[in-house]
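Data block below; observations after.
The values are calculated or read from the model by the stated rules, or taken from the named source; none is laboratory data. Note that the structure is predicted; figures quoted are calculated from it, not measured. When we count neighbours, we look across all protein chains shown, and the Cβ atoms used for this are built from the backbone with ideal geometry, even at glycine.
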């Protein structure tokens, strides 16, 4: 048993330690209340609404920029569509007229005149067997050999007419092919000239391909000399848009099958013109529908522009109202920063507050542990001051002497600043406030803010490490103190 003088000194030291503990514990409670109040006030009244409003404003401004571009393009497309539709209608009316006149009957007079001219040339070349042989086998678009042209002036004419050296049915077929090509040449030129835009491809690309396939098939048939024209209308329709195919099938089933058109040349020419005009009629309806759709899209974009402008005006009013909250009275005084700086520095303040609480808690824990050890020197069995009474007279926020559920929920509360720090960084990044004009509007360079955020993260980690280490050391001392009791030995035995 210790002498009375030693007991008095131990009690005096215990009282001193308890006084130090009490001051630290009081400082911790003050820091806890102040930091939590600061985080709650700034987070709920300023940080969260301001950050989300700014994020919404950036999102709306981005959407407005995209909408303005889309609207400008839609206005141009709408005007361009109307212009092209008018040009298309004029060209199509001319095409209707030319296709209606297409056929062998319109070429009969020209055929007779050409036969007379060609007969005269043949009579002039009867004396030259080589020239007569060439005339007999001449094909469309072929010119006489150069040596024959040098010997006979008659062979120098007709070089710009691909059908000139043909006669009879062959000339008629070739001339009909040329007439068909000439009939749609103004339409082709109208929509092939100038710049090729996406709109032009959308409106007239499929039509140009379909007309070319139809024209090439008819031309190949005419030059082949066969009596049946075979045209795969299904393949041509398959290359067009779904809307084109629907419009083609409205008035005709021709485009769902492979056509075989026998008979006289006149009937086949009429069928070619009918197929050609079906393509034009369906395409005109397609262009009109497209123009209406584009005008509707333009109206929708104009409505969207008005909606975004209204929302931006509302958010601008809310942001202006929040700016009046930047002079916030806190336990530390009025913060001398603007609202942008307050928002950007909020994670740094949270990290600093958490580090302050962690340091005070660790110091309180260490002082309370020393106080408890001193009491055990005069009360080894804890009969006068058991752990339950020590926890009552010298409580800790996270008290190792308390049950586990108590320690868990208190630890969660102490860790709320860590969650607030992580959430603040996430909100700033998610609302694009760490890049772009917002951070550039702040007083400090963005590199300084990123450096502060890294330092704050390290500060948070260090605070958690200190708390974990202090609790771990407390547990080790508890085990060391309890070891003699569990072994059954008398600690005072020699």
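Residue-by-condition table, conditions (1) touching a residue at least 24 places away in the same chain (Cβ under 8 Å); (2) over 30 Å from residue 183 (Cβ atoms):
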{"residue": "28", "(1), (2)": "yes, yes"}
{"residue": "58", "(1), (2)": "yes, yes"}
{"residue": "72", "(1), (2)": "no, yes"}
{"residue": "96", "(1), (2)": "yes, no"}
{"residue": "111", "(1), (2)": "yes, no"}
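Evaluate the following for residue 38: is it closer than 17 Å to residue 353 by Cβ, surrounded by 12 or more Cβ atoms within 10 Å (Cβ to Cβ) and either touching a strand residue (DSSP E or B) at 6+ places or on another chain (Cβ under 7 Å) or free of Cβ contacts under 8 Å to residues at least 12 places away in the same chain (or both)? Even if it seems obvious, please write down each step before you answer.
Working: closer than 17 Å to residue 353 by Cβ: yes; surrounded by 12 or more Cβ atoms within 10 Å (Cβ to Cβ): yes; either touching a strand residue (DSSP E or B) at 6+ places or on another chain (Cβ under 7 Å) or free of Cβ contacts under 8 Å to residues at least 12 places away in the same chain (or both): yes.
Criteria met by residue 38.
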ask   = Does the stretch 84-97 include one or more residues that are surrounded by 13 or more Cβ atoms within 10 Å (Cβ to Cβ), at pLDDT 85 or above and in a helix (DSSP H, G or I)?
value = no
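Check whether at least one residue in the stretch 273-290 is more than 20 Å from residue 96 (Cα to Cα), part of a helix (DSSP H, G or I), modelled with pLDDT under 85 and in contact with a helix residue (DSSP H, G or I) (Cβ under 9 Å, 6 or more places away or on another chain), and report yes or no. Walk me through how you get there before you give the answer.
Just the residues of the stretch 273-290 that are more than 20 Å from residue 96 (Cα to Cα), to begin with: 289-290.
Filter once more, keeping what is part of a helix (DSSP H, G or I): 289-290.
Keeping just the survivors that are modelled with pLDDT under 85 gives 289-290.
Checking which are in contact with a helix residue (DSSP H, G or I) (Cβ under 9 Å, 6 or more places away or on another chain) leaves us with 289-290.
Among the residues of the stretch 273-290, at least one is more than 20 Å from residue 96 (Cα to Cα), part of a helix (DSSP H, G or I), modelled with pLDDT under 85 and in contact with a helix residue (DSSP H, G or I) (Cβ under 9 Å, 6 or more places away or on another chain), which makes the answer yes.
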note = Within the stretch 261-299, residues being surrounded by fewer than 14 Cβ atoms within 10 Å (Cβ to Cβ) and under 28 Å from the mean Cα position of the chain (by Cα) number 4
ask   = Among the helices (runs of 4 or more DSSP H) contained in the stretch 393-465, which hold 3 or more residues that are under 35 Å from the mean Cα position of the chain (by Cα) and surrounded by fewer than 15 Cβ atoms within 10 Å (Cβ to Cβ)?
value = 416-430, 437-441
remark   = residue 236 vs (1) assigned to a helix (DSSP H, G or I); (2) loosely packed, with under 14 Cβ neighbours inside 10 Å; (3) touching a residue at least 12 places away in the same chain (Cβ under 8 Å): all pass except (2)
task = Could you list, in sequence order, all residues of the stretch 154-175 that are within 15 Å of residue 119 (Cα to Cα), part of a helix (DSSP H, G or I) and at pLDDT below 75?
result = 154, 155
request  = Starting from the stretch 422-442, keep only residues that are in contact (Cβ under 8 Å) with a residue 12 or more places away in the chain, then list their pairs with residues that are surrounded by 11 or more Cβ atoms within 10 Å (Cβ to Cβ) and part of a loop (DSSP other than H, G, I, E, B) whose Cβ atoms are within a distance under 6 Å, requiring at least 6 positions of separation or different chains.
outcome  = 428/434
